[in-house]
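*Asks:* Here it is, the structure in full.
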Amino acid sequence: MIIKALFGASIALAACMAQSQPARYYEYVLYLRAAAPSDSEARARAVLSSRSALLHRASDPAGVRAWDGKGLIPVAVEPRSFKGKQIDRAKISETGEPLREVLGVAASRPVSALAVMVGIPQAASVPAYVEASRFAADIAAAVDAPAFLDGETGGVLQAVSLSDRLRLGRSADGALVSASNPPRLETIDAFTFEALHGTGWRTRGFRKLGVPDVAVVDWMPGKLLPFWEIEAVGNLLISGKISAAPGSEFTVRTDDPEVAATLSGFRKGASAFLRFAPAPLSSASLLQLEFPGQSGMHLYERQMLFIDALLPSNYLALGAGPARELSMAVARVKSRLPDLRGHYASLKAQGTRVFIGLDMAAAVKNSTSPQREAKWALWHEVSAWTPDGRVIARQWDGDPRTGGSRARFNPPIKIGSIEHSDIESDIPEETIEDVLLIDRGGRTSGGEATDLATRNRR
């Protein structure tokens, strides 16, 4: 599944369309060449009326918009016209070519298009997705449309991908997508991930399969992104093994083929619980995933429990129990980072020194190895922490609680005319896995994760 960054005219145009169109249908907008046949609309309607369909019926735009969800799924064609900066800046995703150049349409002229409007299946249906994609592909061929906008994902793509995507099923043999060979939800054009504000992610495109899109609103920074969890849930929804009802709970089992298809390395026979939030996000077509856990647990701790239940721990050299303990400690650290970032300036003004620990997996490996390094770099002293999460820190030799000193280049290195002796790094906030505070009086707090990771060194 492709990760969609919200930039460029084509994305802005797609986002606008996706937000404005009613929830009961989606669109493939076929862009027409300057030299497109004058009877393009008639040709498109002829495709709809001439193709035999099991799940769809030819309709008109008003009929699609007013569809009540009963009977065969309506599909219609509607002429469109675009002009302005958004369409002027649009590019073909696969090639980067400007859309206007591909179409041969001058900047002063509007871009003509045909929107293939398709009713959303009222239940999970891979065959409906396949049939609608074929309709759109056949219409694109009939009117010689070289590119299209997927109104659900926001991608401006080559028209050939409408048929190519139907060979991107979960089976490895290239068989056509079907009910027994559902589409891979990591497909680079039919389904996308979109970043939400903060550290959240959502999908776009699941509605074409008759299931809601899925979101994780706040995901623990620095851990394996939640794409595989969301993809597994999408696969389970498509298969009908779980309900899309808000508030419903379900079990994710690594032995289920819908789950096993998303990631390698799962624990065999493992399982964990998930649930959908009681209320959908923004509309009934976007379900939010929640991670169950004990009362009082931070969200990141609940997410870590879910990950540890299904995937082997990076800390297993410590033993199963200590590994779980360390995972929870890292999750708690990450839950506190936004607050610490906001208070860093005042802490520094009060004389409190802030140290950060990175990569507990490497610390565990070093502490449990017979050839462990005596001077393994465990801590970095923070010298700057900006509101946008940029951390500047100097490497520290030793444990700050008992002494040590800043690590230094020997001899100092020279950059331009300036000599540098401190080993200083620009560290992404999401990589921080432990925090240690030492106030002006020498009182300390934190350091729990590092202590757990290095228990075998002491």
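*Asks:* Just how far, in whole angstrom, is the stretch 115-131 from the stretch 421-448 if you go by their alpha carbon centroids?
*Replies:* First find each Cα centre; the distance between them is then 53 Å.
*Asks:* Specify the inter-centroid distance of the stretch 270-309 and the stretch 198-252, based on alpha-carbon positions, in whole Å.
*Replies:* Value for the Cα centre distance between the two parts: 10 Å.
*Asks:* For the cross-link pairs Lys208/Lys241; Lys83/Lys208; Lys208/Lys268, which exceed 22 Å when the distance is taken from alpha carbon to alpha carbon? Write down the numbers at each step before the final one.
*Replies:* Numbers: Lys208/Lys241 18 Å; Lys83/Lys208 27 Å; Lys208/Lys268 32 Å.
Cα-Cα > 22 Å for Lys83/Lys208; Lys208/Lys268; rest within.
*Asks:* Taking loop as defined by DSSP and a crowding limit of 10 other beta carbons within 10 Å, which trypsin sites (Lys or Arg not before Pro) in the stretch 264-354 fit?
*Replies:* Numbers: sites: Arg267, Lys268, Arg275, Arg302, Arg324, Arg332, Lys334, Arg336, Arg341, Lys348, Arg353; in loops: Arg267, Lys268.
Counting only loop positions with at most 10 other Cβ atoms within 10 Å, the trypsin sites (Lys or Arg not before Pro) in the stretch 264-354 are Lys268.
*Asks:* Which of the listed residues, Phe276, Met328, Val233, is farthest toward the dipole's positive end in the chain, when Lys, Arg count +1 and Asp, Glu count -1 at the beta-carbon?
*Replies:* Met328
*Asks:* Same structure, new question: 5 Å is the cut-off here: which amide hydrogens, built 1.01 Å from N in the peptide plane, fall below it relative to Glu97, excluding neighbours closer than 5 in sequence?
*Replies:* Answer set, sorted by chain and number: Ile92.
*Asks:* Another question, then. Send over the semi-axes of the stretch 209-347's equivalent ellipsoid, whole angstrom and largest first, taken as the square roots of 5 times the C-alpha gyration tensor eigenvalues. Before the final figure, lay out each step's value.
*Replies:* Values: eigenvalues 146, 88, 28 Å².
Those come to 27, 21, 12 Å.
*Asks:* Counting only heavy atoms of the protein chains, get the accessible area per residue of the chain (1.4 Å probe) and round it to a whole Å² value.
*Replies:* Working: 20940 Å² over 458 residues.
About 46 Å² of surface per residue is accessible.
*Asks:* Can you show me the helix-derived [θ] at 222 nm for the chain, built from DSSP H runs with n ≥ 4 at -39,500 (n - 2.57) apiece and divided by the number of residues, rounded to the nearest 500.
*Replies:* Numbers: 13 runs with 134 residues, N = 458.
Calculated from helices alone, the mean residue ellipticity at 222 nm is -8500 deg cm²/dmol.
*Asks:* Kindly write out, for the stretch 170-177 in residue order, the coupling ³J(HN,Hα) from the Karplus curve 6.51 cos²θ - 1.76 cosθ + 1.60 (θ = phi - 60°), rounded to whole Hz, with x marking Gly and Pro.
*Replies:* Using θ = phi - 60°, the values come out as 6, 6, 8, 9, x, 5, 4, 4 Hz.
*Asks:* Quick one: 3J(HN,Hα) in Hz for the stretch 84-93, Karplus 6.51/-1.76/1.60 with θ = phi - 60°, rounded, Gly and Pro as x.
*Replies:* x, 4, 4, 6, 5, 8, 5, 10, 6, 4
*Asks:* Still on this structure, please answer the following. Could you work out the local net charge near Leu224, counting Lys and Arg as +1, Asp and Glu as -1, over the other residues with Cβ closer than 15 Å to its Cβ?
*Replies:* Details: positive: Lys223, Arg267, Lys334; negative: Glu186, Glu229, Glu231, Asp308, Asp359, Glu430, Glu433.
Once all neighbours under 15 Å are counted, the net charge is -4.
*Asks:* Using θ = phi - 60° and the Karplus relation 6.51 cos²θ - 1.76 cosθ + 1.60, list the HN-Hα couplings for the stretch 396-401 in order, rounded to whole Hz, with x at every Gly or Pro.
*Replies:* Taking θ as phi minus 60°, the curve returns 10, 8, x, 9, x, 6 Hz for the stretch 396-401.
*Asks:* Sticking with this structure for a sec: Can you list residues whose amide H is under 5 Å from His56's amide H, if they're 5+ apart or on another chain and H is modeled 1.01 Å from N?
*Replies:* Ile73
*Asks:* Also: Under 5 Å between amide hydrogens, which residues at least 5 positions from Ala147 or on another chain qualify, with H placed 1.01 Å from N in the peptide plane?
*Replies:* HN-HN under 5 Å from Ala147: Tyr31, Ala159.
*Asks:* Further question on the same structure: Mind putting a number on the dipole of the stretch 146-285 about its Cα centre? Charges go on the C-beta only, +1 for Lys and Arg and -1 for Asp and Glu, and I need it in Debye to the nearest 20. Don't skip to the answer; put the middle values down first.
*Replies:* Values: 14 positive and 15 negative charges, 41 e Å.
For the stretch 146-285, the charge dipole is close to 200 debye.
*Asks:* Lys and Arg at +1, Asp and Glu at -1: add these up for the other residues within a Cβ distance under 12 Å of Arg51 and post the number.
*Replies:* On the way: positive: Arg45, Arg57, Arg134; negative: Glu131, Asp138.
Residues near Arg51 contribute +1 overall.
*Asks:* Right, something else. Restricted to Cα positions, what overall size does the stretch 315-402 have along the principal axes? Three whole-Å values, descending.
*Replies:* If we take the Cα atoms of the stretch 315-402, the spans are 41, 26, 22 Å.
*Asks:* Placing unit charges on C-beta atoms (Lys and Arg positive, Asp and Glu negative, everything else neutral), compute the dipole magnitude of the chain about its Cα centre in debye, rounded to 20. Intermediate values should be presented prior to the final figure.
*Replies:* Values: 53 positive and 50 negative charges, 57 e Å.
I would put it at about 280 debye.
*Asks:* Around Val354, with a cut-off of 9 angstrom between Cβ atoms, what is the net charge of the other residues, counting Lys and Arg +1 and Asp and Glu -1?
*Replies:* Numbers: positive: Lys348, Arg353; negative: Glu381.
That sum, taken over residues with Cβ under 9 Å, equals +1.
*Asks:* Taking the alpha-carbon set of the chain, what are its Rg and Dmax in Å?
*Replies:* When restricted to the Cα atoms of the chain, Rg and Dmax are 26.9, 84 Å.
*Asks:* If you roll a 1.4 angstrom probe over the protein chains with everything in place, what fraction of the accessible area of the chain belongs to carbon and sulfur, to the nearest %?
*Replies:* C and S fraction of accessible area: 52 percent.
*Asks:* Restricting things to alpha carbons, find the Rg to Rh ratio for the stretch 65-149 using the Kirkwood radius for Rh. Present the calculation step by step, with values, prior to reporting the outcome.
*Replies:* Values: Rg = 15.4 Å, Rh = 14.8 Å.
A ratio of 1.04.
*Asks:* Here's something else I'd like to know. Stretch Asp68-Lys365 to full length: gain in nm at 0.36 nm per residue minus the Cα-Cα span?
*Replies:* On the way: separation 297, 0.36 × 297 = 106.92 nm, distance 5.96 nm.
Contour length minus Cα-Cα distance gives 101.0 nm.
*Asks:* Run the Debye formula on the Cα coordinates of the stretch 76-213, all scatterers equal and no solvent, and tell me log10 I(q)/I(0) at q = 0.12, 0.15, 0.17 1/Å.
*Replies:* Taking Cα atoms of the stretch 76-213 as identical point scatterers yields -0.52, -0.80, -1.01.
*Asks:* Over the chain, calculate the relative contact order: mean separation of alpha carbon pairs under 8 Å at least 6 apart, over the residue count, as a percent. Could the numbers behind the result be given before it?
*Replies:* Numbers: 897 pairs, mean separation 51.4, N = 458.
This gives 11 percent for the chain.
*Asks:* Would you mind finding the longest exposed-site-free stretch of the chain, with exposed chymotrypsin sites (Phe, Trp or Tyr not before Pro) meaning DSSP loop and at most 16 other Cβ atoms within 10 Å?
*Replies:* Numbers: sites that count: Phe7, Trp376.
Value returned for the longest uninterrupted segment is 8-375.
The values are calculated or read from the model by the stated rules, or taken from the named source; none is laboratory data. This structure is a prediction, so every number in the text was calculated from the model and none was measured. For neighbour counting, all protein chains shown are included, and Cβ atoms are generated from backbone atoms with ideal geometry for every residue, glycine included. Only protein heavy atoms, including side chains, enter the accessible area calculation; ligands, DNA and RNA are left aside. Shrake-Rupley method; radii C 1.70, N 1.55, O 1.52, S 1.80 Å.
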